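I have placed the structure first, in the form of structure tokens, so that the comments after it can refer back to it.
The values are calculated or read from the model by the stated rules, or taken from the named source; none is laboratory data. Model, not experiment: these values are computed from the prediction. Virtual Cβ from ideal backbone geometry, glycine too; neighbours counted across all protein chains shown. The accessibility values were calculated without ligands, DNA or RNA, using every heavy atom of the protein model including side chains. Shrake-Rupley method; radii C 1.70, N 1.55, O 1.52, S 1.80 Å.
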Amino acid sequence: MLNIDSIKNGIVIDHIKAGLGIHIFKYLGLDRADYNVALIKNAESSKLEKKDIIKIENIIDLNYEVLGLIDSNITINIIEDEVITKKIKLNLPEEVVDIIKCKNPRCVTSIEPDIKHIFYLVNKQIGEYRCIYCDEAYSNMEV
């Protein structure tokens, strides 16, 4: 059995769908971190069968919108003195701004560079978003 020690102060990103942990790890720049981090892939889980976990021995800013868009089942645990002091359950955001970029060449966002890319959630079950300007559809898996 693999043993990863608990962290004293930091963040644990838990319940990541197996295989997505490496994408989150790279998105957060943890491959360049100068503090202790652990990426645990394919850990056994009673809820998900297999899951990824990221342990960060540091408090860093996290964009919950992006993490919720990548995987809405993620749980973020804030650890202080080896005790979970806060649990944050992520969801798919209702609206995302400048996270998804509209690829429709006829969209106003392609012509006007200063316009924000805004997408709204239309189908929570499949994670489908639509551009507010041209109605182009995207899934959260395209992020």
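Counting Lys and Arg as +1 and Asp and Glu as -1, each charge on the Cβ, what is the dipole of the chain about the Cα centre in debye, to the nearest 20? Walk me through the intermediate numbers first.
Values: 18 positive and 23 negative charges, 71 e Å.
Using only the charged Cβ atoms, the result is roughly 340 debye.
Counting Lys and Arg as +1 and Asp and Glu as -1 over every other residue whose Cβ lies under 11 Å from the Cβ of Thr109, the net charge comes to 0. Using C-alpha pairs under 8 Å with a sequence gap of at least 6, the mean separation divided by the residue count of segment 1-90 gives a relative contact order of 39 percent.
Dipole size in debye (nearest 20) for segment 82-143 around its Cα centre, Lys and Arg Cβ +1, Asp and Glu Cβ -1? Working shown, then result.
Working: 9 positive and 10 negative charges, 44 e Å.
Roughly 200 debye for segment 82-143.
Within the set of other residues whose C-beta is less than 11 Å from the C-beta of Lys51, count the net charge using Lys and Arg as +1 and Asp and Glu as -1. Provide the component values of the computation, followed by the final result.
Working: positive: Lys17, Lys41, Lys47, Lys50; negative: Asp14, Glu44, Glu49, Asp52, Asp71.
Neighbourhood net charge equals -1.
Pairs of Cα atoms under 8 Å, at least six residues apart: use those to get the relative contact order of segment 96-143, whole percent. Result for segment 96-143 is 31 percent. Students often forget the sequence filter, so: which lysines lie under 22 Å Cα-Cα from Lys55 once same-chain residues fewer than 8 apart are removed? Straight-line reach from Lys55, under 22 Å: Lys8, Lys17, Lys26, Lys41, Lys47, Lys86, Lys87, Lys89.
Charges only on Cβ, +1 for Lys and Arg, -1 for Asp and Glu: so what's the dipole of segment 59-112 about the Cα centre, in debye to the nearest 20?
Numbers: 6 positive and 10 negative charges, 69 e Å.
For this selection, approximately 340 debye.
With the Kirkwood sum run over all distinct C-alpha pairs, segment 42-143 has a hydrodynamic radius of 15.6 Å.
For the peptides 67-73, 118-124, 80-86, 106-112, residues were scored by their other Cβ atoms within 10 Å and the scores averaged per peptide; the highest-first order is 67-73, 118-124, 106-112, 80-86.
For the chain, with all protein chains present and a 1.4 Å probe, just round the carbon and sulfur fraction of the accessible area to a whole percent.
Numbers: 4150 of 8780 Å².
So the carbon and sulfur contribution to the accessible surface is 47 percent.
The protection proxy used here, the mean number of other Cβ atoms lying within 10 Å of each residue, ranks peptides 94-102, 50-58 as follows, highest first: 50-58, 94-102.
What accessible area per residue comes out for the chain, rounded to a whole number of Å², with a 1.4 Å probe?
About 61 Å² of surface per residue is accessible.
Calculate for the chain the 222 nm mean residue ellipticity that helices alone would give, adding -39,500 (n - 2.57) per DSSP H run of length 4 or more and normalising by residue count, nearest 500 deg cm²/dmol.
Details: 3 runs with 18 residues, N = 143.
Theoretical 222 nm ellipticity from helices: -3000 deg cm²/dmol.
Once the C-beta distance of Ile126 and Lys41 is scaled by a Förster radius of 25 Å, the resulting FRET efficiency is 0.50 to the nearest 0.05.
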